[in-house]
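Here is the structure we will look at, set down as structure tokens.
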Amino acid sequence: MFSIFGIMDTVDIKQFGQIVFFTGAGMSAESGVPTYRGRGGIWHRYRWEEVACQKAFDKDPLKVLEFHELRRQAVLKCKPHRGHGVLVRTEQEHPEMAIITQNIDGLHQRAGSKNVIELHGSLWRLRCPECGMKVEDKGPKYESYTCRCGAWLRPDITWFGDYLDEAVIARATETIRACDLFVSIGTSGVVWPAAGFPELARAGGAFCVEVNPEPTELSARFDLVYRGKAGEILPAVFSISAPGK
Ligand code: OAD
């Protein structure tokens, strides 16, 4: 079933037990964080081969770290939008709800969401490739570019060519298999394993919903598709009580 924003029904989340919201860059777009592949997308302005892979970091760590500092400064200027708020309130009513995100910007957590699985790591954490030390680092500039052991610290993010954290994938997969409602928001669905998540949810019997202003490679796999922006569709479609009720 396809729905066009303006004439569709709401989704009554009370009818569902386990709920998963799966988010991509489009979730943060209305906050002002650029997407990767759309108009003005990051990969149109930068070559990931130069700023978002281990090879680039090995060649010129400072250039890669400075690129990520620019992203941090841009994200710090952005604020969560109404759509993030809907997810926060849904979690308050459904504490077992989970957000699985490909986003590294931390906007769900800044909005107040608690149960967030970050598939691609975080812009706000560094790790040492030599000794494995991890450090939270939340300012516009990194506090230090190097570890106590002397190695360059790298952003704790899944870059192109990196393996995803197996424990994180296992947690995400388990959560999706067990869900009754799977809502995909703002992802082009081209990056694996995330691209396989709707299929996984369907196989487990979940009702699958997509929120995206554009058709995606995955649209045909959903039971219900809302064509529109996250900040408009989520408050209009997901019926929840008013805050505090
Ligand atoms: P993309 O940039 O590939 O796709 C963003 C999607 O968001 C597109 O389908 C848009 O149509 C949609 N969109 C745009 N504005 C929207 C809005 N206001 N509301 C809802 N949807 C909107 O981003 P991702 O699918 O998240 O990985 O990309 C997946 C991964 O590829 C990223 O995590 C990143 C990237 O390379 C790494 O960096 C490892």
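The values are calculated or read from the model by the stated rules, or taken from the named source; none is laboratory data. From a predicted model like this one, the values you see are computed outputs, not experimental measurements. In this analysis, Cβ positions are derived from the backbone assuming ideal geometry, glycine residues included, and neighbour counts consider all displayed protein chains. Note: areas computed on protein heavy atoms with side chains; ligands, DNA, RNA excluded. Shrake-Rupley method; radii C 1.70, N 1.55, O 1.52, S 1.80 Å.
For a quick check of your reading: which helices (runs of 4 or more DSSP H) sit entirely within segment 141-245 and have at least 1 residues that are touching a Leu at 6+ places or on another chain (Cβ under 8 Å) and near the ligand (Cβ under 10 Å from one of its atoms)? Reasoning before the result, please.
Numbers: elements: 166-177, 197-203, 230-237.
Because the criterion is at least 1 residues that are touching a Leu at 6+ places or on another chain (Cβ under 8 Å) and near the ligand (Cβ under 10 Å from one of its atoms), the helices (runs of 4 or more DSSP H) in segment 141-245 that meet it are 230-237.
Among the residues making up segment 127-156, those that are buried (at least 19 other Cβ atoms within 10 Å of the Cβ) and closer than 25 Å to Ala194 by Cα are Arg154, Pro155, Asp156. Checked against the criterion of being of a type in the set (S, T, N, Q), in the same structural domain as Ala201 (by TED's automatic domain parsing) and out of contact with any helix residue (DSSP H, G or I) (no Cβ under 7 Å at 6 or more places or on another chain), the candidates Thr101, Thr175 yield just one match: Thr175.
When Glu49, Glu66 are screened for being away from the ligand (no atom under 13 Å from the Cβ), more than 15 Å from the chain's Cα centre (by Cα) and assigned to a helix (DSSP H, G or I), only Glu66 passes.
Scan segment 93-126 residue by residue and report those that are basic (Lys, Arg), in contact with an Asp or Glu (Cβ under 8 Å, 6 or more places away or on another chain) and either crowded, with 22+ Cβ neighbours inside 10 Å or more than 30 Å from Cys149 (Cβ to Cβ) (or both). Once the filter is applied, which keeps residues that are basic (Lys, Arg), in contact with an Asp or Glu (Cβ under 8 Å, 6 or more places away or on another chain) and either crowded, with 22+ Cβ neighbours inside 10 Å or more than 30 Å from Cys149 (Cβ to Cβ) (or both), segment 93-126 yields only Lys114.
Taking the criterion of being open to solvent by less than 10 Å² (accessible area, probe 1.4 Å) and out of contact with any Phe, Trp or Tyr (no Cβ under 6 Å at 6 or more places or on another chain), would at least one residue in segment 84-92 satisfy it?
First, the residues of segment 84-92 that are open to solvent by less than 10 Å² (accessible area, probe 1.4 Å): 84, 86-87, 90.
Those left that are additionally out of contact with any Phe, Trp or Tyr (no Cβ under 6 Å at 6 or more places or on another chain): 84, 90.
Yes, the conditions are met somewhere in segment 84-92.
Contact map, segment 184-208: first residue closer than 21 Å to Ala230 by Cα, second residue open to solvent by 50 Å² or more (accessible area, probe 1.4 Å) and within 6 Å of the ligand (Cβ to nearest atom), Cβ cut-off under 7 Å, separation 6 or more or different chains; pairs are Ser188/Arg37. Residues of segment 15-37 that are more than 14 Å from the chain's Cα centre (by Cα) and either under 13 Å from Cys208 (Cα atoms) or buried (at least 20 other Cβ atoms within 10 Å of the Cβ) (or both): Phe16, Gln18, Ile19.
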